Amino acid sequence: MFDPIELGREFFEKLTAVDAAITARVAAGACSRCGGPLHVGNYPRKPRGGLFAMEGESLTLRFSLCCGREGCRRRTTPPSVRFLGRRVYVGAVVVLASVVALAVATAAAAHRSTGIAARTLRRWVGWWRGAFPETAVFAALSARLVPSIERRELPASVLARMPGAPETQLSVLLGWLAPLTSTSTPDGARFVRVLG
């Protein structure tokens, strides 16, 4: 089992800095639709942190960009290491709570350990086992982590093979997952790869 960790302010400040760098790289480009300039168009979020990431609830701003050309105004939301798509919980919580849900015997025990509804945990574990293995991110991870990843143990089987201390392992995995967090940035992985 993955050792329990508490995600504090410093952890989330580092993730915010990574997101800011990704956003700056995306903003240096142009609108994918019309080629116009990209301007800051951040929007508010009200994320949840569960029992082990209360500091994550302070992440109230999702970095985003908006085309500055009149008539286009298309939103471009860069990949993020803080948020895992549209999920209400911060990305780190989705990963760690899924690991806990796999490790404990019952759904009630998982709820007590994480503070997250058992139904939500089941949905997340289902995503790790069903939709996630069909993504390009999973294919890239599988190619790097040979021998193959144990799908029934996702995300724990990937997290355990990441380098460093538990917080570092989590950060690295969130970097790998970042391209899945936005569909409005073409080839979002290229903006994350440069930072790694």
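When only residues in region 116-143 that are among the hydroxyl-bearing types (Ser, Thr, Tyr) and surrounded by 15 or more Cβ atoms within 10 Å (Cβ to Cβ) count, which is farthest from PRO179 (Cα to Cα)? Step by step, filter region 116-143, then rank; the result is THR120. Within region 117-163, the set of residues being among the acidic types (Asp, Glu) and either closer than 16 Å to GLY91 by Cα or part of a helix (DSSP H, G or I) (or both) comprises GLU134, GLU153.
Looking at region 95-142, which of the residues that are among the hydroxyl-bearing types (Ser, Thr, Tyr) and touching a Leu at 6+ places or on another chain (Cβ under 9 Å) is farthest from GLY50 (Cα to Cα)?
Ranking the qualifying residues of region 95-142, first place goes to THR135.
Here is a yes/no grid of residues against (1) buried (at least 20 other Cβ atoms within 10 Å of the Cβ); (2) modelled with pLDDT under 90; (3) out of contact with any His (no Cβ under 7 Å at 6 or more places or on another chain):
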position	(1), (2), (3)
ALA101	yes, no, yes
THR114	yes, no, yes
SER157	no, no, yes
THR168	no, no, yes
THR183	no, yes, yes
ALA189	no, yes, yes
VAL192	yes, yes, yes
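Among the residues making up region 23-48, those that are more than 12 Å from PHE63 (Cβ to Cβ), under 17 Å from the mean Cα position of the chain (by Cα) and basic (Lys, Arg) are LYS46, ARG48. Scanning region 64-84 for any residue that is part of a helix (DSSP H, G or I) and closer than 24 Å to GLU167 by Cα turns up nothing.
The values are calculated or read from the model by the stated rules, or taken from the named source; none is laboratory data. Source: prediction; values computed, not measured. Methodologically, a virtual Cβ is constructed for each residue, glycine included, from the backbone with ideal geometry; neighbour enumeration extends over all protein chains shown.
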